[in-house]
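Here is the structure we will look at, set down as structure tokens.
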Amino acid sequence: MSMLPNRFMAFLIVLHLVAFIPNWCLAGEEESSFRCGSYLIQLGESNYQVLDECGPPMAKESIGANSSYAPPPGVFPDLETWVYNRGPTDFIYRLKFQGGSLVNIYRGDRGF
């Protein structure tokens, strides 16, 4: 019986850490724009516009309609985070979309 509380506490700790992983991924300076070539991406633009101007992201994380953890339709809009790494002369940018619209731009460390 004494092992049950320890396992439960370990479960709660892991659950807590997993819940905050997206926040760790978004760490960095919040920006209001992101430049792709000669085009300036700004908050409110659609993910289709960003894809057209910037090309595909290096990485993409989705939470929504195609996720096993998706809420019922209409409860929350889909969330997506795209990562752009422009190399060592620029920064890594994380673009967060909600319902297909750009809501946050984060500038991270130098790219690679």
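Tabulated data
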| item | result |
| --- | --- |
| Where a residue in the stretch 82-100 is closer than 16 Å to L51 by Cα and its partner, wherever it lies, is surrounded by fewer than 19 Cβ atoms within 10 Å (Cβ to Cβ) and among the hydroxyl-bearing types (S, T, Y), with Cβ under 9 Å and at least six apart | F97/S46; G100/S46; G100/Y48 |
| Residue list for the stretch 12-36, filter: over 21 Å from Q98 (Cβ atoms) and modelled with pLDDT of 85 or more | R35 |
| Some residue of the stretch 58-69 being in a strand (DSSP E or B), modelled with pLDDT under 85 and of a type outside the set (G, A, S) | yes |
| Verdict on N6 being over 17 Å from K96 (Cβ atoms), of a type outside the set (S, T, Y) and at pLDDT 60 or above | yes |
| Whichever residue in the stretch 30-57 is assigned to a loop (DSSP other than H, G, I, E, B) and closer than 10 Å to L95 by Cα and, among such residues, is nearest to the chain's Cα centre (by Cα) | P57 |
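The values are calculated or read from the model by the stated rules, or taken from the named source; none is laboratory data. Please read these numbers as outputs of a predicted model, since none were measured by experiment. Cβ sites come from the backbone with ideal geometry, for glycine too, and all protein chains shown count toward neighbours.
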